[in-house]
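The values are calculated or read from the model by the stated rules, or taken from the named source; none is laboratory data. Remember, it's a predicted structure, so these values are computed and weren't measured experimentally. As a convention, Cβ positions derive from the backbone with ideal geometry for all residues, glycine included, and neighbour counts pool all protein chains shown. For the accessible areas, the whole protein counts, side chains as well, though only heavy atoms, and no ligand, DNA or RNA atoms are used. Shrake-Rupley method; radii C 1.70, N 1.55, O 1.52, S 1.80 Å.
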Amino acid sequence: MSTAPPEDFGFDAPFDRAGTGSSKWARAGAPGVIAMGLADMDLPGPPAVAAALRSRAAHRAYGYTVCDPAGRALVARWYRERHDVEVDPDWVLLLPCGPRTALRLLLETVRPQAPVLFPTPEWGGFAQICRAAGVAYRELALTVTGDGYRLPEAGQLPRPASALLLSNPHNPSARVWPGAAVRGLAAWAARCGALLVSDEVHGDLTHPGRHHPVAVTTAHPWDRRHVVSLNSVGKTFNCSGIPSAFALVPDPALRARFTDTLAGFGLWEGGLLEQTVQEAALREGGPWLDALLAHLAAARARLTERLGPAVRSAPQASYLLWLDAAALGLPPEGARRALLERCGLEASDGAEFGTGGQGSLRLNYALPGPVLDEVLERLDRL
């Protein structure tokens, strides 16, 4: 057994993003403010991705590329090794766009006639995408128990409905949805002819807990014809600036229609940079991800201990904390501005996450060690 120390990936060293065009830090505004709003890590990405980009850039052929079919098997292997589930490589679509665009194109494919459902609080992109697509939508309030939010049960879902959208794990609370709850929603979708679409971009970032991808968690093969999982290496490996995604679409008919829709918008599987990044991350990024998860778990423990009852739902994944503004001593209306003025910390306003987000804040704690130390000191100003 090796006794070599774990590799140091620089998570506890300063990491300066100045001059990189970071949208997260541009949004934070004034100098001296610590950006904790957008879901984007202030940590150095995997060395394997950097090496792969350098190597590919050195070959000065930058023309059109075709999709490497081996990429589908690589995705399937990742799910088998990281999540202990079997994904049929035929289900995998390797997309040259981010998950948000993939969801928009999926709605274009299915052309919903009945309303689209999604929980609240929930990632605000769902509402934006539905409005852009001209699709009616309805928010469903999540209930809260002692350990956090609970998904609605099938009997609580209104009909008719054309689709149910879900972030899994949950954004903004970082809750890992139980497998039984996910299976119940998939069965509901199959019964009423709807589509369950699960945005799983935080699924590789569980700590602790087990992620349940809807495409393989469903209990019956028929149910799988009514589910789609959307994922990406972007959140997992901190490379969202190079948009890519992969979709797990078990239904061959839907997969073919989705592919046709993509082509109609000038998009095909593959992509030069997308494939380079995705292959390097999935093939060689495991040790970096393991070190990242340890870093995030330690940061989460420090912050949840400091913030105590202000944490609305126990986080189990990602790098997000969902906070009750009033419990922090902040005004429910204008909490984001108050936190900025008092502590120099920039957060996401809970109102961005639908009606269920009023009076809340979302903090991103994927920060280098020294910056997290400064955050904890600033929180003492509350």
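Taking the conditions exactly as written (farther than 25 Å from Ser232 by Cβ and either in contact (Cβ under 8 Å) with a residue 12 or more places away in the chain or not acidic (Asp, Glu) (or both)), does Gly134 satisfy them or not? The answer is yes for Gly134.
Inside the stretch 279-311, residues that are open to solvent by 60 Å² or more (accessible area, probe 1.4 Å) and not aliphatic (A, V, I, L, M) make up a count of 9. Scanning the stretch 312-348 for residues that are assigned to a strand (DSSP E or B) and surrounded by fewer than 20 Cβ atoms within 10 Å (Cβ to Cβ) turns up just one, Asp324. Candidates are the residues of the stretch 244-261 that are surrounded by fewer than 23 Cβ atoms within 10 Å (Cβ to Cβ) and in contact with a strand residue (DSSP E or B) (Cβ under 9 Å, 6 or more places away or on another chain); the one that is farthest from Pro112 (Cα to Cα) is Pro250. Consider the stretch 351-370 and keep the residues that are in a helix (DSSP H, G or I) and of a type in the set (A, V, I, L, M, F, W, C). The one that is surrounded by the fewest Cβ atoms within 10 Å (Cβ to Cβ) is Ala351.
Against the condition open to solvent by less than 10 Å² (accessible area, probe 1.4 Å) and either touching a residue at least 12 places away in the same chain (Cβ under 8 Å) or part of a helix (DSSP H, G or I) (or both), how does Leu376 come out, does it pass? No. For residues in the stretch 31-57 being farther than 18 Å from Pro370 by Cβ and free of Cβ contacts under 8 Å to residues at least 60 places away in the same chain, which is surrounded by the most Cβ atoms within 10 Å (Cβ to Cβ)? Selected residue: Ala50. Going through Ser313, Ser360 one at a time, which residue ends up being among the hydroxyl-bearing types (Ser, Thr, Tyr), at pLDDT below 95 and in contact with a strand residue (DSSP E or B) (Cβ under 9 Å, 6 or more places away or on another chain)? Answer to the check: Ser313. Within the option set Arg60, Arg72, being without any contact (Cβ under 8 Å) to a residue 24 or more places away in the chain, surrounded by fewer than 18 Cβ atoms within 10 Å (Cβ to Cβ) and farther than 21 Å from Ala347 by Cα holds for one residue only, Arg60.
Counting only residues that are open to solvent by less than 20 Å² (accessible area, probe 1.4 Å) and over 10 Å from the mean Cα position of the chain (by Cα), the stretch 199-214 holds 4 of them. Looking at the stretch 3-113, the helices (runs of 4 or more DSSP H) lying wholly inside it that each contain 2 or more residues that are under 21 Å from the mean Cα position of the chain (by Cα) and under 30 Å from Tyr137 (Cα atoms) sit at 23-28, 99-110.
State whether the residues of the stretch 173-187 include one that is in contact (Cβ under 8 Å) with a residue 12 or more places away in the chain, among the β-branched types (Val, Ile, Thr) and in a helix (DSSP H, G or I). Yes: the stretch 173-187 contains one or more residues that are in contact (Cβ under 8 Å) with a residue 12 or more places away in the chain, among the β-branched types (Val, Ile, Thr) and in a helix (DSSP H, G or I).
Applying the set (1) assigned to a strand (DSSP E or B); (2) touching a Cys at 6+ places or on another chain (Cβ under 9 Å); (3) surrounded by fewer than 23 Cβ atoms within 10 Å (Cβ to Cβ) to Ala161 leaves exactly one unmet item: (1).
Please pick out the residue among Leu267, Leu282 that is in a helix (DSSP H, G or I), within 28 Å of Leu53 (Cβ to Cβ) and not acidic (Asp, Glu).
Leu282 is the lone residue from the list that is in a helix (DSSP H, G or I), within 28 Å of Leu53 (Cβ to Cβ) and not acidic (Asp, Glu).
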